[in-house]
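Report on one structure; see the data block that follows.
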Amino acid sequence: MTAHPTTRPSEALTSEALTGKVVIVTGAGSGIGRATARAFSRAGAHVLGVGRRAAALDETAAGHTGMVTLSADLRSPGAPQQVVDAATDRWGALDVLVNNAGATAMMALADTTADGIDELLSLNVVAPSLLASAALPHLLRSKGSIVNVSSTYGHRPLPGAAHYAASKAAVEQLTRSWALELAADGVRVNAVAPGPTESEALTAAGLPDAAVAQIKRDEAARIPLGRRGEPEEVATWIVRLADPATTWLTGQVLAVDGGLQLT
Ligand SMILES: NC(=O)c1ccc[n+]([C@@H]2O[C@H](COP(=O)([O-])OP(=O)(O)OC[C@H]3O[C@@H](n4cnc5c(N)ncnc54)[C@H](OP(=O)(O)O)[C@@H]3O)[C@@H](O)[C@H]2O)c1
């Protein structure tokens with residue numbers, strides 16, 4: 001039987017466990033990714049924040065001396081490897097990959113096209129997969145971890161946006177499957193499934209302002225804690241899942257949703 005390398009409780013690291021660790025956060029220019037990149041930086045990690053808009057990334061990194069940014073479209077061929085190389089060339093290791101970049105798209109069945117599906121899955125499923133694959137040799141060395149970002153709709157139907165829901169269901173199954181695949185090597189894989197959270201996502205999906213405002217009101221009314229989440233309230237759990245001090249947790253999808261999953 002293979003021995004499973006673990007960190008024993010006596011060796012468990014404290015709240016300083018992230019100091020000096022190397023973390024990649026995708027989608028770091030706004031919303032949950034921005035809050036996550038800043039939270040890791042405050043915890044003392046070296047952070048590579050990735051996204052397409054250089055100005056948005058600069059704003060995320062302002063005042064965070066441990067953060068470096070890389071402007072890249074994760075759907076471009078070769079981009080996932082370039083992202084991982086940028087972190088390891090600079091800091092010599094990689095401890096945490098946060099697959100946060102993602103998009104929402106309304107696409108009713110009647111309007112479904114191959115390009116529409118491809119555009120969504122290439123960002124929400126293919127890019128995180130290729131990033132994880134490129135990161136793997138480094139994570140094996142560091143006994144690091146991956147945190148994927150799913151959604152309430154990774155495990156709930158979403159009429160009118162079935163392929164978004166399907167892409168997040170894929171993220172949850174990738175999380176569980178990679179967790180088992182990599183457990184014997186000491187690499188942990190978990191996910192958060194945020195409920196409706198303040199970010200640029202609805203506007204980025206191309207919805208008009210009035211529709212965005214209506215969706216936000218409806219969502220807040222359905223959430224037991226009575227409001228949408230703030231990005232920092234999701235980021236704090238991404239950091240905790242990734243923290244090397246979280247020694248005995250893998251393959252979990254944590255709903256951070258104000259209780260929405262209970263309804
Ligand atoms: N907010 C919610 O209610 C909610 C709920 C459940 C799950 N989520 C998930 O949470 C994650 C973060 O979303 P968010 O809500 O914080 O939305 P957001 O503000 O729109 O953030 C998404 C980020 O991804 C980046 N991005 C998009 N396409 C990219 C590409 N091709 N290459 C590189 N970066 C790209 C965007 O930056 P650029 O445009 O500059 O590239 C943006 O900063 C997503 O996976 C989303 O599905 C959000």
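Of note:
- Filtered by the rule that a residue be small (Gly, Ala, Ser), under 21 Å from VAL96 (Cβ atoms) and open to solvent by less than 40 Å² (accessible area, probe 1.4 Å), region 176-219 gives ALA179, ALA183, ALA184, GLY186, ALA191, ALA193.
- Taking first residues from region 104-129 that are within 23 Å of VAL189 (Cα to Cα) and at pLDDT 95 or above and partners that are open to solvent by 30 Å² or more (accessible area, probe 1.4 Å) and among the basic types (Lys, Arg), the Cβ contacts under 7 Å between residues at least 6 apart in sequence or on separate chains come to SER122/ARG75; LEU123/ARG75; ALA127/ARG75.
- Helices (runs of 4 or more DSSP H) contained in region 114-222 and holding at least 2 residues of a type in the set (Phe, Trp, Tyr): 162-183
- Selection over region 153-170 of residues that are surrounded by fewer than 23 Cβ atoms within 10 Å (Cβ to Cβ) and under 26 Å from TRP248 (Cα atoms) gives a count of 3.
- Only listed residue being touching a residue at least 24 places away in the same chain (Cβ under 8 Å), open to solvent by 20 Å² or more (accessible area, probe 1.4 Å) and over 18 Å from GLU232 (Cβ atoms), chosen from ALA93, ALA79, ALA87: ALA93
- Residues in region 223-244 that are assigned to a loop (DSSP other than H, G, I, E, B) and open to solvent by 30 Å² or more (accessible area, probe 1.4 Å): PRO224, LEU225, GLY226, ARG227, GLU230, PRO244.
- Criterion violated by GLN82 - all others in (1) under 17 Å from the mean Cα position of the chain (by Cα); (2) within 13 Å of the ligand (Cβ to nearest atom) satisfied: (1)
- Among the residues of region 160-186, those that are over 13 Å from VAL126 (Cα atoms) and in contact with a Pro (Cβ under 9 Å, 6 or more places away or on another chain) comprise ALA165, ALA184, ASP185, GLY186.
- All conditions in (1) over 23 Å from the mean Cα position of the chain (by Cα); (2) over 29 Å from ARG176 (Cα atoms) hold for ARG222, with the sole exception of (2).
- Residues that are within 13 Å of the ligand (Cβ to nearest atom), open to solvent by less than 30 Å² (accessible area, probe 1.4 Å) and outside any strand (DSSP E or B), drawn from region 40-55: none
- Leading residue by the ranking (farthest from SER199 (Cα to Cα)) among those in region 92-133 that are of a type in the set (S, T, N, Q) and within 15 Å of the ligand (Cβ to nearest atom): SER129
- Region 56-73 - residue that is near the ligand (Cβ under 9 Å from one of its atoms) and not in a loop (DSSP other than H, G, I, E, B) and, of those, most open to solvent (accessible area, probe 1.4 Å): SER71
- Of the numbered criteria (1) surrounded by fewer than 23 Cβ atoms within 10 Å (Cβ to Cβ); (2) within 19 Å of the chain's Cα centre (by Cα), the one ASP118 fails is (2).
- Selection of region 31-57 for residues being closer than 24 Å to THR104 by Cα and of a type outside the set (A, V, I, L, M, F, W, C) yields GLY31, GLY33, ARG34, THR36, ARG38, GLY49, GLY51, ARG52, ARG53.
The values are calculated or read from the model by the stated rules, or taken from the named source; none is laboratory data. If you're wondering where the values come from, they're calculated on a predicted model, not measured in any experiment. Don't worry about glycine lacking a Cβ; one is built from the backbone with ideal geometry, like all the others, and counts go over all protein chains shown. Areas reflect the complete protein model, heavy atoms only, side chains present, ligands, DNA and RNA absent. Shrake-Rupley method; radii C 1.70, N 1.55, O 1.52, S 1.80 Å.
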